[in-house]
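Working notes, beginning with the structure itself.
Each reported figure results from applying straightforward, stated rules to the coordinates on display, with no laboratory input. All of these numbers come straight from a predicted model, not from anything done at the bench. Here the Cβ positions follow ideal geometry from the backbone for every residue, glycine too, while neighbour counts run over all protein chains shown.
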Amino acid sequence: MRKNIVAGNWKMNNDLAQTETLITALQGQTKTSNAEVMVAPTFTNLWHAFQSLRESDIEVVAQNMHFAENGAYTGEISASMLKSIGVKTVILGHSERRAYFNETDESLAKKVDAALANDMRVIFCFGEELADRKAGNEEAVVGSQIKNALFHLGAEAFKNIVLAYEPVWAIGTGETASPEQAQDMHAFIRKTLSDKYGNDLADSVSILYGGSVKPANAQEIFSKPDVDGGLIGGAALKAEDFYAIVNAF
Ligand code: PGA
């Protein structure tokens, strides 16, 4: 059975002191749902966050990594470096990485391969832009993002892959996809998986929704049959809001 997951993407927010404050606040929250909980601090705070949360049920995950194992890639971090500090999951393909750092389906396919080769779990993000949706191309765009970056993989690899549908027009904008829009796209994503790998695999992969999820809308979005959780940006920076979303299941 696929898992429910709520992951907080802290993006480029929180220095060390702020990270400590947020972690302390998270530790004061009570989980009443069955969701797996993850938080993704910046690289500089990963080790500290990992140490602070190692006894908790919150997994510390990375926001990005490079595809090479090591070498002359100034400013980059490899999968094995993440693993060496205990991090076992990485977010790849976030729309901000695609838009501002030129990440493409091709480079993301290499990153996915590198993460899986290091036995890491991947939260693979994708989603259409507003112009795509206005033109009615959202399924074509999402379908090709998934195929180009993931469909070279064997079925076995999907044990370590979580998908995150994040329509770009809903990220950080306050604009959320309606629960029906989210469900329609998640059903399409599952069908895309099923057409290639079969029903059993498609049913086993968690598909998260991301884009302006808040305490006020989480329950309705998570009630949809193909929505298995959320990737949370802004609302993950407040412990109470984040746990209200975690507990929305
Ligand atoms: P948001 O960000 O919740 O602030 O819209 C979501 C994301 O980028 O993962």
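Listed residues Glu20, Glu59, Glu106; which is part of a helix (DSSP H, G or I), out of contact with any Pro (no Cβ under 6 Å at 6 or more places or on another chain), touching a residue at least 12 places away in the same chain (Cβ under 8 Å) and surrounded by 14 or more Cβ atoms within 10 Å (Cβ to Cβ)?
On the way: Glu59 fails: part of a helix (DSSP H, G or I); Glu106 fails: surrounded by 14 or more Cβ atoms within 10 Å (Cβ to Cβ).
Checking each option against the conditions leaves just Glu20.
In this structure, does Ala114 turn out to be within 16 Å of the ligand (Cβ to nearest atom), among the aliphatic types (A, V, I, L, M) and either assigned to a helix (DSSP H, G or I) or touching an Asp or Glu at 6+ places or on another chain (Cβ under 7 Å) (or both)? First the steps, then the outcome.
Working: within 16 Å of the ligand (Cβ to nearest atom): no; among the aliphatic types (A, V, I, L, M): yes; either assigned to a helix (DSSP H, G or I) or touching an Asp or Glu at 6+ places or on another chain (Cβ under 7 Å) (or both): yes.
No.
Every residue in the range 147-158 that is in contact (Cβ under 8 Å) with a residue 40 or more places away in the chain and more than 13 Å from Thr192 (Cα to Cα), please.
Passing the criteria: Ala149, His152, Leu153, Ala155, Ala157, Phe158.
Conditions first: (1) of a type outside the set (S, T, N, Q); (2) crowded, with 17+ Cβ neighbours inside 10 Å; (3) within 15 Å of the ligand (Cβ to nearest atom). Leu130 passes all but one, so which condition is the exception?
(2)
State all residues of the range 154-168 that are surrounded by fewer than 21 Cβ atoms within 10 Å (Cβ to Cβ) and under 19 Å from the mean Cα position of the chain (by Cα); if no residue qualifies, say none.
Here is the first cut: in the range 154-168, the ones surrounded by fewer than 21 Cβ atoms within 10 Å (Cβ to Cβ) are 154-161.
Scanning the range 154-168 gives Ala157, Phe158, Lys159, Asn160, Ile161.
Which ones in the range 220-249 are more than 24 Å from Thr19 (Cβ to Cβ), of a type outside the set (Phe, Trp, Tyr) and touching a helix residue (DSSP H, G or I) at 6+ places or on another chain (Cβ under 6 Å)?
Restricting attention to the range 220-249, the residues satisfying the condition of being more than 24 Å from Thr19 (Cβ to Cβ) are 220-228, 248-249.
Then drop every residue that is not of a type outside the set (Phe, Trp, Tyr), which leaves 220-221, 223-228, 248.
Of everything in the range 220-249, those that are more than 24 Å from Thr19 (Cβ to Cβ), of a type outside the set (Phe, Trp, Tyr) and touching a helix residue (DSSP H, G or I) at 6+ places or on another chain (Cβ under 6 Å) turn out to be Glu220, Ile221, Lys224, Asp226, Val227, Ala248.
Whether any residue in the range 48-55 is part of a loop (DSSP other than H, G, I, E, B) and surrounded by fewer than 19 Cβ atoms within 10 Å (Cβ to Cβ) is what I want to check.
The first filter runs over the range 48-55 and keeps only residues part of a loop (DSSP other than H, G, I, E, B), leaving 54-55.
Filter again for surrounded by fewer than 19 Cβ atoms within 10 Å (Cβ to Cβ), leaving 54-55.
Within the range 48-55 (the criterion being part of a loop (DSSP other than H, G, I, E, B) and surrounded by fewer than 19 Cβ atoms within 10 Å (Cβ to Cβ)), the answer is yes, since at least one residue qualifies.
Given the structure, is Thr42 of a type in the set (Ser, Thr, Tyr), over 23 Å from Leu116 (Cβ atoms), surrounded by fewer than 16 Cβ atoms within 10 Å (Cβ to Cβ) and touching a helix residue (DSSP H, G or I) at 6+ places or on another chain (Cβ under 9 Å)?
Details: of a type in the set (Ser, Thr, Tyr): yes; over 23 Å from Leu116 (Cβ atoms): yes; surrounded by fewer than 16 Cβ atoms within 10 Å (Cβ to Cβ): no; touching a helix residue (DSSP H, G or I) at 6+ places or on another chain (Cβ under 9 Å): yes.
It is false that Thr42 is of a type in the set (Ser, Thr, Tyr), over 23 Å from Leu116 (Cβ atoms), surrounded by fewer than 16 Cβ atoms within 10 Å (Cβ to Cβ) and touching a helix residue (DSSP H, G or I) at 6+ places or on another chain (Cβ under 9 Å).
Within the range 155-249, considering only strands (runs of 3 or more DSSP E) that don't extend past its boundaries, which have at least 1 residues that are more than 16 Å from the ligand (Cβ to nearest atom) and not polar (S, T, N, Q)?
Numbers: elements: 161-165, 207-210, 229-232.
So the answer is 161-165.
Against the definition (under 16 Å from the mean Cα position of the chain (by Cα), more than 14 Å from Val112 (Cα to Cα) and not in a helix (DSSP H, G or I)), how does Glu76 come out, yes or no? So that I can check it myself, show each step before the final result.
Values: under 16 Å from the mean Cα position of the chain (by Cα): no; more than 14 Å from Val112 (Cα to Cα): yes; not in a helix (DSSP H, G or I): yes.
No.
Are any residues in the range 194-216 aliphatic (A, V, I, L, M) and touching an Asp or Glu at 6+ places or on another chain (Cβ under 9 Å), and if so, which ones?
Just the residues of the range 194-216 that are aliphatic (A, V, I, L, M), to begin with: 201-202, 205, 207-208, 213, 216.
Passing the criteria: Ala202, Val205, Ile207, Leu208.
If you take the residues in the range 120-141 that are free of Cβ contacts under 8 Å to residues at least 24 places away in the same chain, outside any loop (DSSP other than H, G, I, E, B) and touching an Asp or Glu at 6+ places or on another chain (Cβ under 9 Å), which one is nearest to Val6 (Cα to Cα)?
Filtering the range 120-141 for residues free of Cβ contacts under 8 Å to residues at least 24 places away in the same chain gives 131-132, 134-137, 140-141.
Still in the list and also outside any loop (DSSP other than H, G, I, E, B): 131-132, 134, 140-141.
Then drop every residue that is not touching an Asp or Glu at 6+ places or on another chain (Cβ under 9 Å), which leaves 132, 140-141.
Values: Asp132: 27, Ala140: 27, Val141: 25 Å.
Applying the filter and picking the extreme gives Val141.
Being touching a residue at least 40 places away in the same chain (Cβ under 8 Å) and in a helix (DSSP H, G or I) is the filter; apply it to the range 79-100 and report the residue that is nearest to Leu46 (Cα to Cα).
In the first step, residues of the range 79-100 are kept if they are touching a residue at least 40 places away in the same chain (Cβ under 8 Å); the result is 79, 87, 89, 91, 93-96, 99.
In the following step, the residues that additionally are in a helix (DSSP H, G or I) were identified as 79, 95-96, 99.
Values: Ala79: 13, Ser95: 21, Glu96: 20, Ala99: 24 Å.
The selected residue is Ala79.
Against the condition hydroxyl-bearing (Ser, Thr, Tyr) and in contact with a Leu (Cβ under 8 Å, 6 or more places away or on another chain), how does Tyr165 come out, does it pass? Give the steps one after another, and end with the answer.
Numbers: hydroxyl-bearing (Ser, Thr, Tyr): yes; in contact with a Leu (Cβ under 8 Å, 6 or more places away or on another chain): yes.
Against the criterion (hydroxyl-bearing (Ser, Thr, Tyr) and in contact with a Leu (Cβ under 8 Å, 6 or more places away or on another chain)), Tyr165 qualifies.
Search the range 80-103 for residues being small (Gly, Ala, Ser) and touching a strand residue (DSSP E or B) at 6+ places or on another chain (Cβ under 7 Å), and hand back the single one that is surrounded by the most Cβ atoms within 10 Å (Cβ to Cβ).
Our first condition is that a residue be small (Gly, Ala, Ser); within the range 80-103, this holds for 80, 84, 86, 93, 95, 99.
Filter once more, so that each one left must be touching a strand residue (DSSP E or B) at 6+ places or on another chain (Cβ under 7 Å): 93, 95.
Working: Gly93: 27, Ser95: 22.
The qualifying residue surrounded by the most Cβ atoms within 10 Å (Cβ to Cβ) is Gly93.
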